[in-house]
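Okay, so here's the structure we're looking at.
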Amino acid sequence: MKIGFILLLLVASATAQNNAQHSAEYRSADRKIAAMDAYDAGASRAGRVTVLTDAEMNAFFAEGGVKWPDGVSDVKIDDQPAVVNGSGQVDFDKVTAKNRSSNPMLALFSGVHTVRVTAQLMGIKGRASVKVQSVSLDGLEIPRMALEFFIEKYLQPKYPEADLDTTFGMPDRIDSAIVGDHQITITQR
């Protein structure tokens, strides 16, 4: 009996320490995402609405909730109605390490840069549509043709669905994803 109680205390202590390492925003996002996953796995068909704020998502991104590809860090978003503004640090030498090119058009994509992306995002009837409006490196807007070439050369070999304009099925019984002012409202069916 004493051993069981001691084990229970150790587990509770480890859980409390792990939660103390994360911000309140991270813990809130983590609970909401776990609830969405549980809803997806359950038999309920009543529908579920979840609102994730930019603060929650940014904390989740920064505190290890998402595993970013090598070379990508410090990802943040700032939502406006129907538009997502994202930024992050990208070490292009790490991103392109296994697939170098001597093409001068791709020389721009080397070193570490702050990348900013503005995209329209809409999710309805289980399908999401993303249309990239602009991408800049350290404040310099990148021509669309250069972006398309970079995506084709470096991203599509690993992520075949990667594109500047794409439509895809949303996971976890998500029916809609509406981008609002500093938040995304997700409805599961």
Residues with amide H under 5 Å from that of G180, placed H, sequence gap 5 or more: A82, T185
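How much length is gained on full extension from N99 to T114, taking 0.36 nm per residue of separation minus their Cα-Cα distance? All intermediate terms of the calculation are to be shown ahead of the outcome.
Details: separation 15, 0.36 × 15 = 5.40 nm, distance 2.13 nm.
My answer for the length gained is 3.3 nm.
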Tilt relative to the chain, helix 24-41 - C-alpha long axis, 0 to 90 degrees, to 10: 80 degrees
Cα lying deepest toward the dipole's positive end in the chain, options T166, L137, V112, charges on Cβ: T166
Under 5 Å, built H, 5+ apart or other chain: amide partners of V72: D91
Mean separation of Cα contacts under 8 Å (6+ apart) over length of segment 83-175, as relative contact order %: 28 percent
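Hey, got a sec? Which GluC sites (Glu not before Pro) in segment 57-164 land in a DSSP loop and have at most 15 other Cβ atoms within 10 Å? Working shown, then result.
Values: sites: E63, E141, E148, E152, E161; in loops: E63, E161.
Passing sites in segment 57-164 are E161.
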GNM top mover of L108, L137, L147 - the chain, alpha-carbon springs below 10 Å: L108
Cross-link reach list, lysines versus K125, counting only Cα pairs under 23 Å and skipping chain neighbours closer than eight places: K32
Span from the segment 49-109 Cα centroid across to the segment 116-171 one, whole angstrom: 12 Å
Histogram of C-alpha separations across the chain, 10 Å bin width, %: 8, 27, 32, 20, 9, 3, 1, 0
Estimated vicinal HN-Hα couplings, Hz - segment 68-79 in sequence order (Karplus 6.51, -1.76, 1.60; Gly, Pro = x): 7, x, 3, x, 10, 8, 6, 7, 9, 10, 9, 8
Sites S44 and T166 - FRET efficiency at Förster radius 25 Å, r taken between beta-carbons, to 0.05: 0.25
Acute angle (nearest 10 degrees) that the helix 2-20 long axis makes with the longest principal axis of the chain, alpha-carbon atoms: 30 degrees
Residue among L140, L121, L155 with the largest mean-square fluctuation in a Gaussian network model of the chain, springs linking Cα atoms under 10 Å: L140
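Each reported figure results from applying straightforward, stated rules to the coordinates on display, with no laboratory input. As the structure is a computational prediction, the values presented were derived from the model and not from experiment. Counting neighbours? That spans all protein chains shown, and the Cβs are built from the backbone with ideal geometry, glycine included.
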